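Notes follow once the structure below has been shown.
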Amino acid sequence: MTNGNKKIIYDIGANNGDDVPYYLKKADIVIAVEANPILCEQMQKRFALEIQQQKLVIENCVLTAGNEVTSVPFYIHKNNHVQSQLPAPKYRLKNYEKVFLPGKTVNQLFDEHGDPYYVKIDIEHYDHVILRSLFNNDIRPRYISAESHSIEVFLLLASLGNYDHFKIVNGPSVKNTYYNWPISTISGEERYSFPHHSAGPFGEDVAGEWINSESLFRSLLADGLGWKDIHAKEPEKYMLGRKPSFLWRIRYRYYFLRWKISRSQRLKRIRALLKLGT
């Protein structure tokens, strides 16, 4: 699983490709993974030159964490393509069209294209599943991000992934916060404006200082989850190339129990306030 010294970025959940122009400035090769065939066709037209130059590869497939599969059920939202997802929707199933698409496992993807420099994961209700599969297969890129609708994303990054340098990118404010923003590229420094619905910058381009897992956890307790990406960098060196021991499970359970206790306390306070108001 190598590709020389080339920087490879994996855009998992590429959607319409709005993140691709930025990633092309940051890497030698971009692998854009998107299940929706209509969006892949749009990207193929939009980035025809970059594909021809072998700077961009579009993988039209459903990325899975399980065994090798040739066909996977996928649910395309009829009105809002960003809400398309792999797990069957729990609500409003009539708003989705169920289709069967080619599947590819995490191992297949990375074995084919090489070691990642950065991995962006933005797959509705499936981010934590892909994260777990990455780490179980000893894939820990220098930079990684995933959307934090589930506390599982933080738990896996901080325990099984063994990352301890974090930043947050707030999704709704990306267009305004990162307008004409200074970024580093493979060609030097420049200014870049991120479009609405893009994931925004990663790594050292993200505003603010890196914080440790405890600080990030307290921030999540205070501010909650939602449309925000957790960014992490450089797992501890002693973990690289090693399968994690049972200690990661202890750390996972430690944060999990704290989250459950805090959530329970918040619910009790809300119920108490509702009673006072009646």
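The values are calculated or read from the model by the stated rules, or taken from the named source; none is laboratory data. These numbers come from a predicted model, not from an experiment. Cβ: placed from backbone, ideal geometry, glycine included. Neighbour counts: every protein chain shown.
Each row is one residue, and each column tells you yes or no for (1) in a strand (DSSP E or B); (2) modelled with pLDDT of 95 or more; (3) hydroxyl-bearing (Ser, Thr, Tyr).
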{"site": "Leu216", "(1), (2), (3)": "no, yes, no"}
{"site": "His231", "(1), (2), (3)": "yes, yes, no"}
{"site": "Gly241", "(1), (2), (3)": "no, no, no"}
{"site": "Arg249", "(1), (2), (3)": "no, no, no"}
{"site": "Lys260", "(1), (2), (3)": "no, no, no"}
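Can you tell me which residue within the stretch 34-74, out of those that are of a type in the set (Gly, Ala, Ser) and modelled with pLDDT of 90 or more, is surrounded by the most Cβ atoms within 10 Å (Cβ to Cβ)?
Looking at residues that are of a type in the set (Gly, Ala, Ser) and modelled with pLDDT of 90 or more, I get Ala35.
Which residues, taken from the stretch 83-98, are surrounded by 14 or more Cβ atoms within 10 Å (Cβ to Cβ) and hydrophobic (A, V, I, L, M, F, W, C)?
Of everything in the stretch 83-98, just one residue is surrounded by 14 or more Cβ atoms within 10 Å (Cβ to Cβ) and hydrophobic (A, V, I, L, M, F, W, C), namely Leu86.
Please name all residue pairs, on different chains or six or more residues apart, with Cβ atoms under 6 Å, provided the first residue is in the stretch 194-215 and is among the hydroxyl-bearing types (Ser, Thr, Tyr) and the second residue is assigned to a loop (DSSP other than H, G, I, E, B).
Filtered contacts from the stretch 194-215: Ser198/Asp18; Ser198/Asp19; Ser213/Asp164.
Taking the stretch 161-197 as the search range and keeping residues that are buried (at least 21 other Cβ atoms within 10 Å of the Cβ) and closer than 19 Å to Ile121 by Cβ, which one is nearest to the chain's Cα centre (by Cα)?
Per the criteria, the residue is Val169.
So, in the stretch 216-227, exactly how many residues are touching a strand residue (DSSP E or B) at 6+ places or on another chain (Cβ under 6 Å) and either without any contact (Cβ under 8 Å) to a residue 12 or more places away in the chain or surrounded by fewer than 20 Cβ atoms within 10 Å (Cβ to Cβ) (or both)?
Count: 0.
Counting residues that are over 23 Å from Phe194 (Cα atoms), in contact with a strand residue (DSSP E or B) (Cβ under 8 Å, 6 or more places away or on another chain) and touching a residue at least 24 places away in the same chain (Cβ under 8 Å), which strands (runs of 3 or more DSSP E) fully inside the stretch 64-171 reach at least 3?
Answer list for the stretch 64-171: 72-77, 96-101, 103-105.
Run down Asp19, Asp28, Asp11 and say which single residue is of a type in the set (Asp, Glu) and surrounded by fewer than 18 Cβ atoms within 10 Å (Cβ to Cβ).
It is Asp28.
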